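The values are calculated or read from the model by the stated rules, or taken from the named source; none is laboratory data. All values reported here derive from a predicted model rather than from experimental measurement. Cβ placement follows ideal geometry from the backbone for every residue including glycine, while neighbour counts extend to all protein chains displayed.
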Amino acid sequence: MLRTSPYLFLIVLYIKIIGVPMKPLISYQKDMTVQGCAEGWMEFMGSCYIHFDERETWTSAEQHCQELNSHLVSISSQEEQEFVKSEFNLISNKIHWIGLNDKDVQNQFRWTDGSPLVRPPFSEILSKLSDDCPDNYFSTGEDCVVMIWHEDGQWNDVPCNYHLPFTCKSGPGKKK
């Protein structure tokens with residue numbers, strides 16, 4: 001978690017109330033060569049994505065995604081990180097759920113869709129976890145991971161009972 005952790009709650013509350021628009025600093029290229037996502041879904045690098053601005057707990061968000069034959073978004077490359085950060089964080093202007101968690105075994109993170117945590121040569125993805133993360137700042141229960149738009153898309157573990165926006169991803173071969 002951020003070194004200013006005691007102030008994170010106030011920052012999040014301020015952002016929820018006021019909202020702060022931000023333009024992406026890094027560009028990405030959309031893969032528009034494959035057709036097959038349902039209406040409302042966005043295609044990128046062979047997967048389909050949909051963002052929900054409605055706020056759900058991490059578990060409810062994952063269930064919602066599963067009802068759509070998908071999972072909370074997993075991120076396997078820097079390009080995918082930039083796509084999710086730029087495309088969906090600008091929609092919600094908030095912190096939002098991703099599919100990474102350590103609910104089963106503390107400090108053993110996994111993606112809900114079963115994707116490997118590190119796919120060489122993209123090990124830099126792990127650097128998206130903030131310097132002190134996982135930190136279990138509240139002693140227990142910080143088992144679910146968020147992407148923080150105002151921290152350049154950094155990831156952090158937080159309690160799973162927060163109500164946050166979320167993004168679902170349907171992998172290759174699971175087109176709508």
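So, of the residues in segment 56-81 that are among the acidic types (Asp, Glu) and farther than 17 Å from Asp113 by Cβ, which turns out to be surrounded by the most Cβ atoms within 10 Å (Cβ to Cβ)?
Glu56
Output the number of residues of segment 85-121 satisfying the condition of being at pLDDT 90 or above, out of contact with any Leu (no Cβ under 7 Å at 6 or more places or on another chain) and closer than 16 Å to Asp53 by Cβ.
Adding up the residues that qualify gives 0.
Of all residues being under 15 Å from the mean Cα position of the chain (by Cα) and among the small types (Gly, Ala, Ser) in segment 134-170, which is modelled with the highest pLDDT? Just the residue, please.
Checking each candidate, the answer is Ser170.
Could you list, in sequence order, the residues of segment 43-55 that are surrounded by fewer than 17 Cβ atoms within 10 Å (Cβ to Cβ) and either out of contact with any Asp or Glu (no Cβ under 8 Å at 6 or more places or on another chain) or at negative phi (or both)?
Matches in segment 43-55: Asp53, Glu54.
For segment 36-61, what are the residues that are assigned to a loop (DSSP other than H, G, I, E, B) and either among the aromatic types (Phe, Trp, Tyr) or touching a residue at least 40 places away in the same chain (Cβ under 8 Å) (or both)?
Of everything in segment 36-61, those that are assigned to a loop (DSSP other than H, G, I, E, B) and either among the aromatic types (Phe, Trp, Tyr) or touching a residue at least 40 places away in the same chain (Cβ under 8 Å) (or both) turn out to be Gly36, Cys37, Ala38, Trp41, Gly46, Thr57.
I need the full set of residues from segment 82-99 which are more than 10 Å from the chain's Cα centre (by Cα), surrounded by 17 or more Cβ atoms within 10 Å (Cβ to Cβ) and not small (Gly, Ala, Ser), in order please.
Within segment 82-99, Glu82, Phe83, Glu87, Asn93, Lys94 meet the criteria.
Val84 - would you say it is without any contact (Cβ under 8 Å) to a residue 40 or more places away in the chain and not basic (Lys, Arg)?
Criteria not met by Val84.
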